[in-house]
Structures are given as C-alpha cells and as structure tokens.
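All remarks here apply to the structure that follows.
The values are calculated or read from the model by the stated rules, or taken from the named source; none is laboratory data. Note that the structure is predicted; figures quoted are calculated from it, not measured. Positions of Cβ are generated from backbone atoms using ideal geometry, with glycine treated the same way; all protein chains shown enter the neighbour counts.
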C-alpha cells in the first residue's frame with residue numbers, strides 16, 4: 001500500500017493484524033509489525049497496538065518485549081529491522097513492514113519471507129514513496145503478480161486530509177515534495193538526491209544508434225563487493241550506450257577474476273577500471289598475473305579529486321561526470337536496480353563548500369543498499385580513453401574511407 005503522509009496506514013495495518021490474529025485458525029498464531037528501527041516501532045505503533053487490543057478479554061501487554069498476548073496463545077509483537085536477528089528462528093502468520101524503503105532488502109529476503117513460508121503467512125508493505133528504491137521495485141512487481149493486492153492512495157483521492165490543509169501544504173512545499181508526499185509519485189525527485197529520477201527516466205527512454213557510438217572506446221567498470229550484502233558488478237559502456245550490468249555475489253576473488261576475464265575476451269574493451277578500495281587490489285593483482293595488466297587501471301575513489309576545489313573526493317567527481325553524461329545523451333538499459341542505485345545516494349556540502357556524495361555506510365544506516373551498479377558505471381568515466389582503431393569500425397565505413405583515399409591518390413600521385 002503506497003499512501004500519502006498522515007493517511008493512517010499504520011493504524012489501519014495494525015487493526016488488520018489484530019483481526020487476522022483473532023481469526024487465524026492455526027495453532028499459536030504469531031504476527032509481527034516491523035519498523036525500520038526498534039525505537040520507531042515503539043514510538044509509532046506501541047500505543048496504537050495497546051489501544052486497539054485493550055477491549056479484548058484476556059489481553060496482556062508485555063512492555064519490555066513490545067508484545068501483546070491474546071487468548072488462545074495468540075501473539076503480536078513489534079520489531080525493528082535494524083536488528084533482524086531478533087526475527088530469526090521464528091515463524092510468522094503475518095507481518096507488516098512499515099516504510100520498507102528504509103530497510104535492507106535482505107531483511108525481507110533472508111529473514112521475514114522464510115519465516116512466513118511453512119504456515120503460508122502473508123505480508124503487508126506500507127509506505128510513502130522516496131524515489132525508485134527497493135519499495136518501488138516491490139510495488140511494481142506486486143502490480144504484475146495476481147497473488148498480491150496493491151493500493152495507491154494519493155491525498156487528492158483519499159479525502160482524509162482537509163482540502164484547506166492540502167492547499168496550505170502546496171503553498172509551503174515544493175512541487176516535487178507535494179508529488180512525493182501527497183500524490184504518491186515514485187518519479188518525483190528527492191530534493192537531496194544527487195541524480196534525479198526524472199533525468200534517469202529520460203536516459204532510459206533514449207535509443208542508442210550504433211553509428212553514433214561504435215567509434216567510441218569500449219570501457220568497463222568493475223565494482224568489487226566489500227561485504228556479504230553487496231554485489232560485485234561488471235558494467236560495460238561504449239560512448240552513449242550503457243549495457244545491462246552483470247551482478248555477481250562471489251566472495252572468492254579468483255572466481256570473480258574468471259568472470260571479468262570472460263567479459264574481456266568476449267567484448268574486447270579498450271580499458272577496464274576497477275575500484276581499488278577494499279578488496280579491489282586482490283582482483284587487480286590476479287588480472288595482472290593473468291596477463292591483462294595493460295588493460296587494467298586501479299582507481300582509488302577515496303583519493304582527492306582532480307578538481308579538488310569543487311569535489312570532496314574522486315568518487316564524487318566521477319559521479320558528477322556520470323550525471324553530465326546522463327543529462328547530455330546517455331542511454332541507460334531498462335534495469336530497475338541500476339535506477340535505484342543511481343537515484344539512491346544523497347549529496348551535501350563539506351566545510352569548504354565542495355560537493356560530497358553520501359557514504360555507503362550512511363546509506364546502509366538508513367536502510368539503502370550499496371549503489372554497486374551505479375559505482376561501476378561511474379568508474380567508466382575515470383579517464384579519457386582514445387577512440388577505437390580503424391580496424392574496429394564497421395566494414396562499410398572502412399571500405400568508404402579506403403575508396404575516398406584511392407580517389408584522392410589518383411588525383412594526387414604525390415600524396416602520402
């Protein structure tokens with residue numbers, strides 16, 4: 001359910017859970033309400049849960065565990081996604097995920113979804129859009145799946161907020177914020193987003209004609225996963241055309257090197273840029289050992305930028321080049337995860353008024369995954385690479401050039 005602010009989605013979902021818990025015919029029903037943080041669950045939902053179960057005979061509230069016990073060994077408990085281990089090892093007949101965009105996708109995929117499996121439990125996702133993030137992907141996927149119910153409830157249609165208040169908010173807030181907070185638009189750019197959803201959508205709608213980009217150098221960016229939740233990404237770009245990212249969850253650098261070599265042999269890039277931060281050096285050393293040293297370029301994204309008066313570090317500068325490419329003529333593939341990664345990071349200014357991109361650690365703290373695909377794309381702008389050799393251009397162009405040269409030499413016997 002995608003609902004506007006102050007629509008009452010938390011109250012509605014809690015009452016739905018209470019009703020489900022009382023009607024469940026399985027033995028010892030268990031239900032959960034999950035907020036991005038445990039503290040949020042207590043502040044937002046605990047008073048509501050006690051209020052709406054107080055009239056049920058035999059109801060007992062456990063303040064220390066944020067748990068309500070109902071007759072027939074029925075239980076509803078509040079949890080925080082910041083401590084997913086508290087949900088491991090339990091079964092669930094139903095769960096509400098409030099503002100899932102602020103949770104790690106792994107919390108759903110590795111903890112909550114398996115807990116629902118054996119008793120065929122159900123889940124409810126409720127939230128307000130914040131761009132094309134994980135919540136957006138879940139909602140769009142659910143729209144195509146007949147097993148899911150979806151609801152989009154904008155303020156202009158719900159009738160919950162007084163029109164006078166909507167008018168006042170429209171005067172006080174930007175058009176983008178109104179579209180996002182009141183009209184439930186996933187497309188509205190977040191004011192703190194560095195790359196807006198609108199420019200990414202435009203780039204996805206472009207078509208890259210081969211004769212426009214086939215002379216351009218082939219560059220490959222490789223972002224190496226640092227942690228278990230992250231993915232290693234291999235991304236290929238030639239001029240204005242960006243290919244579908246290849247994502248790999250491979251902790252073994254030797255295996256990852258094999259896949260990078262596989263792409264090099266098949267695509268024949270002119271340069272391969274690899275993030276040397278963290279585990280990147282191990283991959284770089286292995287590829288050089290295999291004889292690909294001339295192609296491989298180690299990029300330290302944490303180092304100072306070339307234009308250090310404008311950018312906090314090199315990573316920020318590479319993202320700035322990426323944004324300029326997207327706005328000017330870049331053609332992006334229809335890949336939701338790449339869109340999410342490009343639009344997820346926020347930006348700020350340091351004490352020297354330089355642009356600074358949000359750190360991956362800070363993104364994870366607010367429940368966003370590492371933007372691995374976007375970082376791989378940014379790496380392809382690490383250095384200027386010369387255009388392709390003449391032998392690599394299409395045959396018809398080579399023949400046309402040779403014909404022109406032959407005519408020129410016929411007219412000018414002394415031409416070299």
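Count, please, the residues in segment 44-82 that happen to be under 28 Å from the mean Cα position of the chain (by Cα) and farther than 21 Å from residue 114 by Cα.
Of the residues in segment 44-82, 2 are under 28 Å from the mean Cα position of the chain (by Cα) and farther than 21 Å from residue 114 by Cα.
Are any residues in segment 141-153 under 14 Å from residue 105 (Cβ atoms) and touching a residue at least 24 places away in the same chain (Cβ under 8 Å), and if so, which ones?
none
So which strands (runs of 3 or more DSSP E) stay within segment 53-121 end to end and still have 3 or more residues that are in contact with a strand residue (DSSP E or B) (Cβ under 9 Å, 6 or more places away or on another chain) and surrounded by 14 or more Cβ atoms within 10 Å (Cβ to Cβ)?
Because the criterion is at least 3 residues that are in contact with a strand residue (DSSP E or B) (Cβ under 9 Å, 6 or more places away or on another chain) and surrounded by 14 or more Cβ atoms within 10 Å (Cβ to Cβ), the strands (runs of 3 or more DSSP E) in segment 53-121 that meet it are 67-70, 74-80, 94-98.
Can you tell me how many residues in segment 22-37 are within 18 Å of residue 9 (Cα to Cα) and not in a loop (DSSP other than H, G, I, E, B)? Before you say what the answer is, go through the steps one by one.
Going residue by residue through segment 22-37, those that are within 18 Å of residue 9 (Cα to Cα) are 31-37.
Checking the rest, the ones that are also not in a loop (DSSP other than H, G, I, E, B) come to 31-35.
The qualifying residues number 5.
Being modelled with pLDDT under 90 and more than 22 Å from residue 340 (Cβ to Cβ) is true for just one of 175, 155, 168, 179. Which residue is that? Talk me through it step by step, then tell me what you get.
Values: 155 fails: modelled with pLDDT under 90; 168 fails: modelled with pLDDT under 90; 179 fails: more than 22 Å from residue 340 (Cβ to Cβ).
Within the list 175, 155, 168, 179, the selection yields 175.
Which one is farthest from residue 180 (Cα to Cα) among residues in segment 154-166 that are in contact (Cβ under 8 Å) with a residue 40 or more places away in the chain and out of contact with any helix residue (DSSP H, G or I) (no Cβ under 8 Å at 6 or more places or on another chain)?
Top of the filtered list is 160.
For segment 343-360, enumerate the residues that are assigned to a strand (DSSP E or B) and touching a helix residue (DSSP H, G or I) at 6+ places or on another chain (Cβ under 7 Å).
355, 356, 357
Of all residues in segment 141-181, count the ones that are assigned to a helix (DSSP H, G or I) and under 21 Å from residue 12 (Cβ atoms).
10
Could you check segment 30-61 and list, in sequence order, the residues that are touching a helix residue (DSSP H, G or I) at 6+ places or on another chain (Cβ under 7 Å) and more than 21 Å from residue 81 (Cα to Cα)?
Scanning segment 30-61 gives 52, 53, 59, 61.
Criterion first (in contact with a strand residue (DSSP E or B) (Cβ under 6 Å, 6 or more places away or on another chain) and either in contact (Cβ under 8 Å) with a residue 12 or more places away in the chain or more than 17 Å from residue 381 (Cβ to Cβ) (or both)) does residue 293 satisfy it? Quick ask: steps written out before the conclusion?
On the way: in contact with a strand residue (DSSP E or B) (Cβ under 6 Å, 6 or more places away or on another chain): no; either in contact (Cβ under 8 Å) with a residue 12 or more places away in the chain or more than 17 Å from residue 381 (Cβ to Cβ) (or both): yes.
Answer is no for this residue.
Can you tell me which residues in segment 252-276 are buried (at least 19 other Cβ atoms within 10 Å of the Cβ) and not in a helix (DSSP H, G or I)?
269, 271, 272, 273, 274, 275, 276
So residue 308 passes all but one of these: (1) buried (at least 16 other Cβ atoms within 10 Å of the Cβ); (2) in contact (Cβ under 8 Å) with a residue 40 or more places away in the chain. Which condition number does it fail?
(1)
What number of residues in segment 21-41 are surrounded by fewer than 23 Cβ atoms within 10 Å (Cβ to Cβ), within 26 Å of residue 104 (Cα to Cα) and either outside the structural domain of residue 128 (by TED's automatic domain parsing) or modelled with pLDDT of 95 or more (or both)?
The qualifying residues number 1.
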